[in-house]
Each structure stands twice: as C-alpha cells, then as structure tokens.
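Engineer: My questions all concern the structure below.
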Amino acid sequence: MSELAELVPYDEALSRYEPVIGLETHVELGTATKMFCGCPTTFGLEPNSAVCPVCLGLPGSLPVANRAAIEYTIRIGLALNCSIATWCRFARKNYFYPDMPKDFQISQYDEPLCTDGWLDVAVDGQIFRVGIERVHLEEDTGKSLHMGGATGRIHGADYSLVDYNRAGIPLVEVVTKPVAGTGSHAPVVARAYVTELRDLLRALQVSDVRMEEGSLRCDVNTSLAPRGASEWGTRTETKNVNSLRSVERAVRFEIERQAAVLDAGQKVVQETRHFHEDHGNTTPGRSKEEAQDYRYFPEPDLVPVAPDAQWVEQIRASLPELPAARLARLQSQWGLSDLEMSAISNAGALMLVESTVAAGAAPSDARKWWLGELARHANEAGIELSELAVTPAQVARVSELVKAGALNDKLARVVLEAILAGEGEPDAIVEARGLAVVSDDSALVQTVDAVIAANPDVVAKIRAGKTAAVGALLGDVMKATRGRADATRARELILQRLA
Ligand SMILES: [Zn+2]
C-alpha cells in the first residue's frame, strides 16, 4: 500500500477520531561499568576501546549482572509506584544485527523487575495518570556508522563501521500502558510525560538523561479510532524521537496522517516508523516483529534476580525528593497557580525558574521571562529553553533592573535579545547601547515641552477635556527618547504641564 501524501488538519482529525498513545522510553543508566562486564561506560571514548570478551560475545565468556544497575532499576520502579518482583530472570532475545555481536541481547521478557505503576502529569491544570506497564533491564547494542553516503544511512553508503563501546551499557526500558481519553491533549500529554519522566530520572541520579547524546530515547505509539468506537485502532511505533519537542510533533503528525488513511477507507498498517526532525514527518520502517520472532527464552548463563524485601525497603527509604513533591513545595513557596506551575514544568523550565529565583528574581518575574520572551526565542530557533545562550543569573539581573525602574519591559526585551546574541552581561549591554530608562525629570521635561510645543491641536483637545489624547503626546515622547522614557512619569509630566 502506498503512502498517502495528504494529512487531515489536526482539529478536524480530533473532531472525528480519538487517539490512544503509548510510550516506550529507553534510559541509559549512569553506572560506572557495563551491565554484564567491567568495561567503563564513559561517553565519547575512542571507538572500540571500551570492550572485552564479554561485551564482544566471544566464545567462553560469561556475563555477571551489575548490582548497581539492578539497584538503579528498583529505584526507578519505586519512584514510578511499581511493584518490585521478588524473583525474576533475564531472557535471551535472539536476533542478528551487526551491532549485536552475540546475535542475541540479554533483556527481560515475561519477568520484568518492576510492574504496574503510574506517573501523574499535569497539562493545562488537568491531571492525566499515565499507567506504567513495566520497567525492565537490558543491555544496549553497539552503534553502526555508515560511511561515504550523503545521508549517513546504509543506503548509498560505501562501507560501514561498528563501534562496540555502547554494547553492554545498562539500559532500562520504561513502558507505559495505553493512555486513552486524552483527546486533543494527546501530543502535549506525551511530551509532558517524557518531561516528567526525565526530571524524575534526573532527581533519582540514575542517568544523565541527555536526549541529544542518546541516553534517553523515546518510541511513541499512536493509534486512532472513530469517536465512540468500541475498539482501539491499529498502532504505529515511531522511532528516532530525540527531543521533547519531537515527541509532541511525532504524535501530532501521526494523528493527522492516520486520520487521512482512515478517511480514505484504508487500514493503518502496524509498523515501525521513523520521525524526521527536519520535516516533522514520519516514514515507514520495517513492519513490526512479533515477540515470537525473537524466540525469547530464560538466559541460561545468569542466575535469577531475587532482591530481598529488606534491600528494597532500604532503597525506598533512600529515595530523594521526587519532582511532584518538589513542584508542590516550590508552588507553595512561590505562590503561583496550578496552571502557572504546570506551564513551567511542561516547558521544562522548572530548574531554570528555580535558579533564576535563587539568583534574586521574584518567582512571577522569573516565570514571565522564561515562559514569555525566552520561550518565543527558543521556539523560533527550534531548541529547548535550556539550550538558549542566557543564564538564570542574567535573567535575574534583567528582572532586577526592571524592578529598580532602570529598564522597562520593552527595553528588557532588547537586553535579553542582546544577551542571546552574545553581547555580554546585562549591565554592560545597557551601558554600551545606552538603554537605561530616562526617568530623571530634567531630561524628560525638555522632551515633554518640545512635544507639547509641536502639537498645539492635541494640546487644545486635552485642554477641552479629551484626556485620552494624552496617549498621542506620550507616543511622541517615547519616540523621541527611543523607548527609553519612564512612561508613567512622562504621562504625569504631560498632565502637570497642561494643568
Ligand atoms: Zn566488556
């Protein structure tokens, strides 16, 4: 079946169809050594320098499970409100890939370490509970590099290289239950879930959760069914979703695409699809393997994992403050509304706002700058807020200058833009560009008098009682001072001079 080029506009698709989403998140654990051997897990080492007979799958080598990785996985499971298995086994997942030197991956199949939990996410002040099906532990694969082609893909490449440094790095997979009932919020709920999960993992200190380095990777399942239908639709699994923004875009695109397929009377194909960052679309990959294709069986080279109850309780007792509790604590300290807090959290700006407040800004001001002007810049550049070239301390300083009356909002936006452009610290920019608000009366009075003298008609109107006309004079004062006048003071002066 060929791909349809048409999409159904988002709102129209949602008026007739109901989406169900699901997320599978792979998290590289930040343990010092690999899952089944003693090789280091450091990122960016010389290719094939962190390998040994075990992670290369050489004959006669035997794996030994990494206790720290098991502890990290239990930590994640407990934080996600899961039950922890008292006894479980690793399983062999058989498949041939050049980056999988053993021809099988040690994973978990029907006996995952953690099951049946949940994570709440807030979107627009509404709470959506995302069910967690399972959290299991496995080893990562190596990495293929296709050389000589234009695209970096295998098609058109002259030859391929493989780097086994990543083979055997402990990987946790967090799988949600299908999430229904989100309606038009589905893409935002998906993004909010991954954001919340990332913050949780960071708080647990089990991973550096860098999506751009691949230590947090996301597959997004989406299906669509006619509203009121008794069954869910066929789902697709979108891979290569490498940023929070892409999670939202991928779900949105699949909703628009699947609506077009269903509208045309065709069936959605159950398949793996690839997300393309540049076009924001997905294209079909291989059709999805079934579990039986992997011929899973219990890993014979490893003993079962049986964490005792006392150890699990010790881990539970050592959990740090989790993001939901932290959010509630900061909300009561900051005095912001539910809606304001969920907006900060969903924008991935909690740490930024917190640091800005710590650097001296009022919480409402910190929120205003990060979610307003700076979010607009990040959006235009297609990057995350944290990637902007501005620090919380700089934002706090700009906010302080506004509070002190040295800048107005308009000038503050100019200063922020200059910081982003690399012009330096706020005070230096104000100085170099002569941006400070003119509020000292002697300078302002001269301008006000000049504007009054130049506009006899407007002055006559004001004197006749049409005080709204003051706006016209004020506009001229602002123009004459290139936006640097203190508008409130200028208005007072105009009225004083004409009284
Ligand atoms: Zn090794």
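The values are calculated or read from the model by the stated rules, or taken from the named source; none is laboratory data. Because the structure is a prediction, the values reported are computed rather than measured. Note that each Cβ is placed from the backbone with ideal geometry, even for glycine, and that neighbours are counted across all protein chains shown. With ligands, DNA and RNA removed, areas are computed over all heavy atoms of the protein, side chains included. Shrake-Rupley method; radii C 1.70, N 1.55, O 1.52, S 1.80 Å.
Engineer: Can you tell me how many residues in region 235-294 are in a helix (DSSP H, G or I) and over 26 Å from residue 381 (Cβ atoms)?
Structural biologist: 11
Engineer: Now for a different question. Taking the residues in region 316-328 that are open to solvent by 60 Å² or more (accessible area, probe 1.4 Å) and modelled with pLDDT of 95 or more as candidates, determine which candidate is nearest to residue 121 (Cα to Cα).
Structural biologist: Among those residues, the one meeting the criterion is 316.
Engineer: While we're here: Pairs only if they're at least six apart or on different chains, beta carbon under 8 angstrom, first in region 50-64 and at positive phi, second more than 7 Å from the ligand (Cβ to nearest atom) and open to solvent by 30 Å² or more (accessible area, probe 1.4 Å); list them, first residue then second.
Structural biologist: That search, which allows pairs on different chains as well, returns 57/101; 57/102; 57/103; 60/53.
Engineer: Also, quick follow-up: Among the residues of region 56-73, which ones are modelled with pLDDT under 95, among the hydrophobic types (A, V, I, L, M, F, W, C) and either away from the ligand (no atom under 14 Å from the Cβ) or surrounded by 16 or more Cβ atoms within 10 Å (Cβ to Cβ) (or both)?
Structural biologist: 56 - this is the single residue of region 56-73 that is modelled with pLDDT under 95, among the hydrophobic types (A, V, I, L, M, F, W, C) and either away from the ligand (no atom under 14 Å from the Cβ) or surrounded by 16 or more Cβ atoms within 10 Å (Cβ to Cβ) (or both).
Engineer: A further question follows. Taking the criterion of being under 26 Å from residue 248 (Cα atoms), open to solvent by less than 60 Å² (accessible area, probe 1.4 Å), hydrophobic (A, V, I, L, M, F, W, C) and outside any helix (DSSP H, G or I), would at least one residue in region 372-385 satisfy it?
Structural biologist: yes
Engineer: I'm told residue 167 meets every condition in (1) in a loop (DSSP other than H, G, I, E, B); (2) open to solvent by 10 Å² or more (accessible area, probe 1.4 Å) except one. Can you identify the failing condition by its number?
Structural biologist: Answer for residue 167: the failing condition is (2).
Engineer: Follow-up. Mind checking which residues of region 34-46 are near the ligand (Cβ under 8 Å from one of its atoms) and either open to solvent by 60 Å² or more (accessible area, probe 1.4 Å) or not in a loop (DSSP other than H, G, I, E, B) (or both)?
Structural biologist: The answer is 38, and nothing else.
Engineer: Residues that are surrounded by fewer than 19 Cβ atoms within 10 Å (Cβ to Cβ), in a helix (DSSP H, G or I) and under 17 Å from the mean Cα position of the chain (by Cα): does region 213-230 have at least one?
Structural biologist: The answer is yes; a qualifying residue exists.
Engineer: Still on this structure, please answer the following. On the basis of being of a type in the set (Ser, Thr, Tyr) and within 30 Å of residue 250 (Cα to Cα), does residue 31 make the cut?
Structural biologist: No: the conditions fail for residue 31.
Engineer: Also, I was wondering about something else. Criterion first (away from the ligand (no atom under 16 Å from the Cβ) and assigned to a loop (DSSP other than H, G, I, E, B)) does residue 155 satisfy it? It would help to see each step written out before you state the result.
Structural biologist: On the way: away from the ligand (no atom under 16 Å from the Cβ): yes; assigned to a loop (DSSP other than H, G, I, E, B): yes.
When the stated conditions are applied, residue 155 passes them.
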